[in-house]
Amino acid sequence: MNKKAQIGIQETILVIFVFFIVLMIGMIFFFQLNMKSIQNDIDQYNEFRFKQLIDIVPNMAELRYSKLGVEDVYCIDLLKARAFSEISSEYDFGKKEIKLISGDEIVLYSKIGRGEIRKVTSPVCVYDPRNGKFYLGELDIGWWA
Amino acid sequence: MKKGQVETVGLVIIVILLLLIGLVVLIFSSRNKVDSSEDLFLTMKANNLVNSILHVDVGNSNFEQKVIDCCAGVDELSCRDMEDVISSGMALIDEKMTFSVICIGGELKSFGDCEFGLNSVRLKLPSEDIFYATICRK
């Protein structure tokens, strides 16, 4: 093989080598960007699921006020809430703490996590069956993300 | 510089420019995302307030009846009671908000300081009076 041809082959190998390095850098960059975007979507979804609890918890049949089985009033029954707080360990909302504040504080669910806690609150209607009155209370939900 | 070298340099400049444009497009496309989940959360919060406040008892009556009486002009006390309940409800919300009552006669009573925001459901009372809340983004 003459020298010119050898140089030609070496040049081709070098070009292919550089091309693959550039391709790999591009792929790493692309996948990292993709992973970051997917992680962002997961975080946003988890965040929304957490915030959605302000709508889910007051509508749970275990807590919601009903009269003769009809749930037409958007309120949490205080006695149901107290009963639920005793069996809530059987439920899994993740590492969260859900409290109902209406006069006194009822911890509906608690699974304590580590690190910083994020909180959302929402007004809720609370029904006290002992005197048949409806009050305004506050639902306080904390999440260890 | 030879003609071939000039052409190569030009090609390299074009490739670099294309790469830069692609990078800018990528950065902007990842930034301009609207956070619709926050809007949904605020709407849920406003809905919760409106739905909760409706049944709250005030003395021997409830909020719904107070709104009906206030709109009908039965007495001043009904309007004051209604305002008290609204104030206590608004105190539970961190965001700025406005609570509006549209009486059947067309009179609008509003409480709060949120002008443009997300509206809750509009609840129609048996008297055809309407009330709803508007919550502002932080």
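The values are calculated or read from the model by the stated rules, or taken from the named source; none is laboratory data. Model, not experiment: these values are computed from the prediction. All Cβ positions, glycine included, derive from the backbone under ideal geometry; neighbour counts span all protein chains shown.
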- [ ] Residue by residue through the stretch B:76-95, note down the ones that are within 13 Å of chain A (Cβ to nearest Cβ) and of a type in the set (S, T, N, Q).
- [x] B:S87, B:S88
Task: Filtered residue count, the stretch B:42-64, keeping only those that are surrounded by fewer than 23 Cβ atoms within 10 Å (Cβ to Cβ), part of a helix (DSSP H, G or I) and within 7 Å of chain A (Cβ to nearest Cβ) - done: 2
- [ ] Would you point out the residue of the stretch A:39-51, among those that are in contact with a Phe, Trp or Tyr (Cβ under 9 Å, 6 or more places away or on another chain) and more than 9 Å from chain B (Cβ to nearest Cβ), that is surrounded by the most Cβ atoms within 10 Å (Cβ to Cβ)?
- [x] A:F50
Task: Residues of the stretch B:20-37 classified as within 13 Å of chain A (Cβ to nearest Cβ) and either touching an Asp or Glu at 6+ places or on another chain (Cβ under 9 Å) or at pLDDT 90 or above (or both), total - done: 1
Open item on the list: Could you tell me how many of the residues in the stretch B:96-111 are at pLDDT below 90 and within 14 Å of another protein chain (Cβ to nearest Cβ)?
Closed with: 0
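Would you confirm, using the coordinates I've provided, whether B:D57 is charged (D, E, K, R) and in contact with a Phe, Trp or Tyr (Cβ under 7 Å, 6 or more places away or on another chain)?
Numbers: charged (D, E, K, R): yes; in contact with a Phe, Trp or Tyr (Cβ under 7 Å, 6 or more places away or on another chain): yes.
Yes; evaluated as a whole, the condition is true for this residue.
A:K95: surrounded by 14 or more Cβ atoms within 10 Å (Cβ to Cβ), touching a strand residue (DSSP E or B) at 6+ places or on another chain (Cβ under 7 Å) and within 20 Å of B:L49 (Cα to Cα), yes or no?
Values: surrounded by 14 or more Cβ atoms within 10 Å (Cβ to Cβ): yes; touching a strand residue (DSSP E or B) at 6+ places or on another chain (Cβ under 7 Å): yes; within 20 Å of B:L49 (Cα to Cα): no.
For A:K95, the condition - surrounded by 14 or more Cβ atoms within 10 Å (Cβ to Cβ), touching a strand residue (DSSP E or B) at 6+ places or on another chain (Cβ under 7 Å) and within 20 Å of B:L49 (Cα to Cα) - is not met.
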Open item on the list: Scan the stretch B:75-87 and tell me whether some residue there is within 17 Å of B:I130 (Cα to Cα), surrounded by 18 or more Cβ atoms within 10 Å (Cβ to Cβ) and more than 26 Å from the chain's Cα centre (by Cα).
Closed with: yes
Task: Residues within the stretch A:8-23 that are among the aliphatic types (A, V, I, L, M) and either within 43 Å of the chain's Cα centre (by Cα) or not in a helix (DSSP H, G or I) (or both), tallied - done: 3
- [ ] Output the residues belonging to the stretch A:40-62 that are under 17 Å from the mean Cα position of the chain (by Cα) and either among the acidic types (D, E) or at pLDDT 95 or above (or both).
- [x] A:D41, A:D43, A:E47, A:D55
Task: Matching residues in the stretch B:112-138 - criterion: being surrounded by fewer than 16 Cβ atoms within 10 Å (Cβ to Cβ) and part of a strand (DSSP E or B) - done: B:N119, B:K124
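Residues that are among the aliphatic types (A, V, I, L, M) and more than 10 Å from every other protein chain (Cβ to nearest Cβ): find the strands (runs of 3 or more DSSP E) completely inside the stretch A:52-145 holding 3 or more of those. Step through it out loud before you land on a result.
Numbers: elements: A:96-102, A:104-110, A:117-128, A:133-144.
The qualifying strands (runs of 3 or more DSSP E) are A:104-110.
Residue-wise test of (1) within 30 Å of A:D41 (Cα to Cα); (2) without any contact (Cβ under 8 Å) to a residue 12 or more places away in the chain; (3) not polar (S, T, N, Q).
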| site | (1), (2), (3) |
| --- | --- |
| B:V15 | no, yes, yes |
| B:L20 | yes, yes, yes |
| B:L40 | yes, yes, yes |
| B:I53 | no, no, yes |
| B:V58 | no, no, yes |
| B:C70 | no, no, yes |
| B:V74 | no, yes, yes |
